[in-house]
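Asker: A single structure is presented below for examination.
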Amino acid sequence: MIELAEIEAARARIAGAVVRTPLVRLHVADAPAEIYLKLENLQPINSFKIRGATNAVMLAPADARARGLVTASAGNMAQGVAWTARELGVPATIAVPEHAPEAKVAAIERLGGRVMKITYDDWWNAIVASRVDGADGLFVHPVQDPGVMAGNGTIGLEILEDLPDPDAIVIPYGGGGLTTGIASAVKAIRPGTRIVTAEPDTAAALAAAVAAGHPADVDYRPSFVDGSGSRRVLDSMWPLVAPLVDDAVAVPVADVAAAVRTLAERVRVIAEGAGALAPAAALSGRAGTGKIVCVVSGGNINLDKLAEILAGADG
């Protein structure tokens, strides 16, 4: 768990660099719950990742970040790091898996980042080892850096200020940094609120770990839900995540695509696959009843994929 004081300090540290995003109601007549959306897709990089990236980099010694920044990311942390590097006037090197969406790769390059496309296995190994071979600079871990998690936790503070009594908060689960940050803040202030994670059923590593009681390998299949899910929960993150999560749900990719359409039609929100995971879980009833807050983690989706889904494709 990240200490509440660290999350509050992060909030002060990143003020001015990030947007205090709105919490809006999703009105769907036959919804099984009272659903609210925390719109992190409205950040400058269209993703929550700017919070953790900014906090972690500003916590590092000036001489460490002066050499440049490095990360391994499917896209959104990459943009957070590239954005921060540009603000600091230092180079950024980003390792991305070879199936990373072109929308995210193009966004990294627009921000001045150097993209290294590597195999998924090499990319995953870079996350495990906290380094990218052939890249020099301060490595900003996309998940397990305490500064990243504290920055992510500022979302939890904002949610409870806008809605003090949520029954559950649904968070898309990728590596665990977003979940650990938000859940640490929420459990410290309102421990009765349930923390529910959502993953695509093609890569539901946390759901498998919760069922087994320990991290376990799953059959990972890439999908348009590229910012969430993995082949295995990071062993280093399991002790942090396990006590904080009340339920871990796997969501069919077709349901995520349907949620993308619902968000576009009902609230004119563009969500990427991971960003639509939490609403998909809530709309299907998997997140329970009552007041349910869904974290819309990002909106970086390829426009051709978005067009396919809006036209009725299942992802």
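Asker: Explain nothing, just the number: dipole magnitude of the stretch 6-155 about its Cα centre with +1 on each Lys and Arg Cβ and -1 on each Asp and Glu Cβ, in debye rounded to the nearest 20.
Answerer: Roughly 440 debye for the stretch 6-155.
Asker: Tell me the mean residue ellipticity at 222 nm calculated for the chain from its helices only (DSSP H runs of n ≥ 4, each -39500 (n - 2.57), averaged over every residue, nearest 500).
Answerer: Helix contribution divided over all residues of the chain: -12500 deg cm²/dmol.
Asker: Let me ask something else about it. Please name whichever of ALA103, PRO22, PHE224 sits farthest to the positive end of the charge dipole of the chain, dipole taken about the Cα centre and charges placed at Cβ: Lys and Arg +1, Asp and Glu -1.
Answerer: PRO22
Asker: Based on the alpha carbons, how large is the Rg to Rh ratio for the stretch 201-294 when Rh follows Kirkwood?
Answerer: Looking at the stretch 201-294, the ratio lands at 0.99.
Asker: Moving on. What spacing in nm lies between the two simple spin-label points modelled at ASP235 and ASP136, each 7 Å away from Cα in the Cβ direction?
Answerer: 3.2 nm
Asker: Express the relative contact order of the chain as a whole percentage, based on alpha carbon pairs under 8 Å and six or more residues apart in sequence.
Answerer: About 22 percent, as a whole number.
Asker: I want to verify the translational diffusion coefficient of the chain in µm²/s; compute it with Stokes-Einstein, Rh as the Kirkwood radius over Cα pairs, at 37 °C and 0.692 mPa s.
Answerer: 174 µm²/s
Asker: Once the convex hull of the alpha carbons of the stretch 115-266 is built, what does its volume come to per residue, in cubic angstrom?
Answerer: It is 133 Å³ per residue.
Asker: Can you tell me which aspartates and glutamates have their Cα less than 19 Å from the Cα of LYS49? Leave out same-chain residues fewer than eight positions away.
Answerer: Answer for LYS49, where 19 Å is the Cα cut-off: GLU6, GLU8, GLU40, GLU87, GLU102, GLU109, ASP145, GLU158, GLU199, ASP226, GLU272, listed by chain and number.
Asker: Okay, moving on. Only loop residues by DSSP count here, and only those with at most 16 other Cβ atoms within 10 Å; note down the GluC sites (Glu not before Pro) in the stretch 76-112 that meet that.
Answerer: GLU98
Asker: Considering only C-alpha atoms, what is the centroid distance from the stretch 80-123 to the stretch 18-46, in Å?
Answerer: After rounding, the separation between the Cα centres reads 27 Å.
Asker: What is the Rg over Rh value, at two decimals, for the stretch 35-110, using alpha-carbon atoms and the Kirkwood definition of Rh?
Answerer: 1.00
Asker: Right, next: Treating the beta-carbon of each Lys and Arg as +1 and of each Asp and Glu as -1, no other charges, what is the dipole magnitude of the stretch 1-58 about its Cα centre, to the nearest 20 debye?
Answerer: 240 debye
Asker: Hand me the trypsin sites (Lys or Arg not before Pro) from the stretch 59-109 located in a DSSP loop with no more than 15 other Cβ atoms within 10 Å, in residue order please.
Answerer: Answer by residue number: ARG67.
Asker: Once ligands and nucleic acids are excluded and a 1.4 Å probe is used, how much of LYS187 is accessible, expressed in Å² to the nearest 10?
Answerer: Solvent-accessible area, nearest 10 Å²: 40 Å².
Asker: What angle do you read, to the nearest 10 degrees and between 0 and 90, between the alpha-carbon axis of helix 4-14 and the longest principal axis of the chain?
Answerer: Taking the Cα atoms of the chain, the angle to 4-14 is about 60 degrees.
Asker: Then there's this: Report in % the part of the accessible area of the chain that belongs to carbon and sulfur, leaving out ligands and nucleic acids; probe 1.4 Å.
Answerer: C and S atoms contribute 51 percent here.
Asker: Which of these, ASN46, ASN125, ASN152, has the largest mean-square fluctuation under a Gaussian network model of the chain (Cα springs below 10 Å)?
Answerer: Greatest mean-square fluctuation among the candidates belongs to ASN125.
Asker: If you don't mind, there's one more thing I want to ask. Working from Cα positions, state the angle (0 to 90°, nearest 10) between the long axis of helix 253-267 and the longest principal axis of the chain.
Answerer: Long axis of 253-267 versus the principal axis of the chain: about 80 degrees.
Asker: While we're here: Quick one: compute a quarter of the convex hull surface over the Cα atoms of the stretch 147-197 and quote it in nm².
Answerer: The directionally averaged projection comes out at 3.0 nm².
Asker: Roll a 1.4 Å probe over the protein chains and send me the accessible area per residue for the chain in Å².
Answerer: On a per-residue basis, 37 Å².
Asker: Same structure again: If you place +1 on the Cβ of every Lys and Arg, -1 on the Cβ of every Asp and Glu, and leave all else neutral, what size is the dipole of the chain about its Cα centre, to the nearest 20 Debye?
Answerer: Value, rounded to 20: 620 debye.
Asker: Next question, about the same structure. Could you state the angle between the C-alpha long axis of helix 49-59 and the longest principal axis of the C-alpha atoms of the chain, as a value from 0 to 90 degrees rounded to the nearest 10?
Answerer: Result, in degrees: 40.
Asker: With both partners inside the chain, how many of the DSSP beta bridges are antiparallel, as a percent to the nearest 5?
Answerer: Once the DSSP bridges in the chain are tallied, antiparallel ones form about 15 percent.
Asker: Could I ask something else about it? Just want the answer: with Cβ charges of +1 for Lys and Arg and -1 for Asp and Glu, which residue in THR179, ALA264, TRP83 is farthest toward the dipole's positive end in the chain?
Answerer: TRP83
The values are calculated or read from the model by the stated rules, or taken from the named source; none is laboratory data. What you are looking at is a predicted structure, and each value in this text was computed from that prediction instead of being measured. Quick reminder, even Gly has a Cβ in these numbers, built from the backbone with ideal geometry, and neighbours come from all protein chains shown. What goes into the accessible areas is simple: the full protein's heavy atoms, side chains included, and nothing from ligands, DNA or RNA. Shrake-Rupley method; radii C 1.70, N 1.55, O 1.52, S 1.80 Å.
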